[in-house]
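The values are calculated or read from the model by the stated rules, or taken from the named source; none is laboratory data. Everything numeric in this text was worked out from a predicted model, so none of it was measured. Glycine gets a Cβ as well: all are built from the backbone with ideal geometry, and neighbour counts include every protein chain shown. The accessibility values were calculated without ligands, DNA or RNA, using every heavy atom of the protein model including side chains. Shrake-Rupley method; radii C 1.70, N 1.55, O 1.52, S 1.80 Å.
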Amino acid sequence: MKVAVVGSTGMVGQVMLKVLEERNFPVTELIPVASEKSIGKKVKYKQEEFTIVSMKDAIAAKPDIAIFSAGGATSLEFAPLFAEAGTTVIDNSSAWRMDPDKKLVVPEINADVLTKEDKIIANPNCSTIQLVMVLGPLNKKYDLKRVIVSTYQSVTGTGKAAVDQLNAEISGDETIARVYPYQIFKNALPHCDVFADDDYTKEEIKLMKEPKKILGDDTFNLTATAVRVPVQGGHSESVNIEFENEFDLDEVRKILSETPGVVVVDNVKNNEYPMPLYSEGKDEVFVGRIRRDLSQPKTLNLWIVADNLRKGAATNAVQIAEYLAANNLV
């Protein structure tokens, strides 16, 4: 299968190449694409070096699949051109997620919505992916009524420059350019992405809208607060879920432990719970601190952690590609 990786030199693009290799995706020809300044440079895949090509050359090569992680403006401009050439695009930006004509997919939850006609498929927001991996199976059983999520997001969600800022602040280097409006070391910023007119950030708005589309259910309410923390890899979420129906805690743990891609780590007697430190480099979504909300009935508290560059971005995109290949949709 001929596969283009658009944005192959970026932080997520590099992880995409790594995940394609690790999962042994059937790549017969790799076409790495990046910005104009990177054309002619090399990227490594399976111990081989591949030359980065221009967007125009990549489209002309007519890959079967193009996995994009190059920003919304790039996706809006070039994804339709790949699609017109017959390529199926899996896009990691926010460009197409809420487009009513495009599918928004987390394979374990709603891959069955995909068809051969879907030529641009949206990969959800990193925080959304780990959230719906837990909400999906619980919604089927108990029927969601209201969800309150607070995120604790790593600097890798902003990109390499943010990682550089954190590391520079740790070492005391004050010369590096700041990505955030304040220092991130020894701090927490309740400010992920830009603020919208209603004083919510774009990240919070994504979290409030995307799960409803993925689950195909807009009957529940969801509100979010997104916070950037000085963690290098892995997003965490504190989630409060009110259901329409009563639940049993043991049954909740059983449902989640039987959900593909979810790992329950919930033994507080032995101080066992999910942490970003242990999620880094892994593809699973980890959930723990599962307990009743003592302030009102039919309500659950839990804690969700995942590697935002892998399941939150690259792995989810590659899993979509795997589903397309396995079901002859490309």
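Distance between the pseudo-spin-label points of LYS46 and ARG146 (7 Å out from Cα toward the beta carbon): 5.2 nm.
Inter-label distance, LYS116 to ASN270: 5.1 nm, where each label sits 7 Å from its Cα along the C-beta direction.
The Cα atoms of region 273-323 cover 42, 26, 11 Å along the three principal axes, with the biggest extent listed first.
Here region 82-155 and region 14-80 have alpha carbon centers that stand 22 Å from each other. The antiparallel fraction among DSSP beta bridges confined to the chain stands at about 50%.
Determine the sum of side-chain charges near ASP283: Lys and Arg each +1, Asp and Glu each -1, restricted to other residues whose C-beta is under 14 angstrom from that of ASP283. Neighbourhood net charge equals -2. Principal-axis analysis of the Cα atoms of the chain puts helix 202-215 at an angle of about 80° to the longest axis. The stretch between ARG178 and TYR278, if pulled fully straight at 0.36 nm per residue, gains 33.2 nm over its current Cα-Cα span. Among MET11, MET98, the sequence by solvent-accessible area, most first, with a 1.4 Å probe is MET98, MET11. I'd like the carbon and sulfur percentage of the solvent accessible area for region 44-108, probe radius 1.4 Å, heavy atoms only, ligands and nucleic acids excluded. Percent of accessible area from carbon and sulfur atoms in region 44-108: 50. The simple spin-label model puts a point 7 Å past each Cα toward its Cβ; for ILE170 and THR219 those points are separated by 4.7 nm.
Peptide packing: for 284-297, 164-177, 222-235, the average count of neighbouring Cβ atoms within 10 Å per residue gives the ranking 222-235, 284-297, 164-177, highest mean first. Taking Cα atoms only, the orientation of helix 126-142 departs from the longest principal axis of the chain by about 50 degrees. Using a cutoff of 8 angstrom between alpha carbon atoms and counting only pairs six or more residues apart, the relative contact order for region 128-268 works out to 42 percent.
Can you check what the net charge comes to around GLU117, using other residues whose Cβ is under 15 Å from the Cβ of GLU117 (Lys, Arg +1; Asp, Glu -1)? Result for the neighbourhood of GLU117: -1.
Computed over neighbours whose Cβ is under 13 Å from that of TYR182, the net charge equals +2, Lys and Arg +1, Asp and Glu -1. Compared with the dominant principal axis of the Cα atoms in the chain, helix 160-171 is inclined by about 60°. Accessible surface for the chain, divided over its residues, is 46 Å² per residue with a 1.4 Å probe.
The order of VAL163, VAL27 by accessible area, most exposed first and with a 1.4 Å probe, is VAL27, VAL163. For the listed peptides 73-82, 302-311, 182-191, 207-216, a ranking on the average number of other beta carbons within 10 Å per residue, highest first, reads 302-311, 207-216, 73-82, 182-191. Measuring nothing but protein heavy atoms, the accessible surface of region 175-330 at 1.4 Å probe radius is 49 percent carbon and sulfur. Below 8 Å between Cα atoms, with a sequence gap of 6+, how large is the relative contact order for the chain in percent? Reported as a whole number, the value is 18 percent. Answer with one residue from MET55, SER295, TYR45: the one whose Cα lies farthest towards the positive end of the charge dipole of the chain, charges on Cβ with Lys, Arg +1 and Asp, Glu -1. Positive-most Cα among the choices belongs to TYR45. The HN-Hα couplings worked out from phi for region 86-100 by the Karplus form 6.51 cos²θ - 1.76 cosθ + 1.60 (θ = phi - 60°) are x, 7, 8, 9, 10, 10, 8, 7, 8, 4, 10, 4, 9, 5, x Hz, whole numbers, x standing for Gly and Pro. Structure remark: mean-square fluctuation, Gaussian network model of the chain, C-alpha springs under 10 Å; the largest value among SER257, SER279, SER69 belongs to SER257. From the square roots a ≥ b ≥ c of the eigenvalues of the alpha-carbon gyration tensor of region 22-180, which class results: rounded (a/c under 1.5), prolate (a/b over b/c), or oblate? Cα axes put region 22-180 in the oblate bin. Distance between the C-alpha centers of region 307-330 and region 192-219? Whole Å please. Cα centroid to Cα centroid, the span is 22 Å.
When the residues MET16, MET1 are ordered by accessible surface, computed with a 1.4 Å probe over the protein chains alone, the sequence from largest down reads MET1, MET16. Anisotropy class assigned to region 190-296 is oblate, per the alpha carbon gyration tensor with a/c at or over the 1.5 cut-off and a/b no larger than b/c.
Take the Cβ atoms of LEU76 and GLN296, set R0 to 51 Å, and the FRET efficiency comes out at 0.75. Of all lysines in the structure, the ones whose alpha carbon falls short of 24 Å from that of LYS102, not counting any fewer than 8 places away in one chain, are LYS2, LYS56, LYS62, LYS116, LYS119, LYS140, LYS202, LYS206, LYS209, LYS212, LYS213, LYS311.
Applying 1/(1 + (r/R0)^6) with R0 = 22 Å to the Cβ-Cβ distance of ALA61 and ASP99 gives a FRET efficiency near 0.30.
For the chain, what is the mean residue ellipticity at 222 nm derived from helices alone (per DSSP H run of n ≥ 4: -39500 (n - 2.57); sum divided by total residues; nearest 500 deg cm²/dmol)?
Details: 10 runs with 103 residues, N = 330.
Calculated mean residue ellipticity at 222 nm is -9500 deg cm²/dmol.
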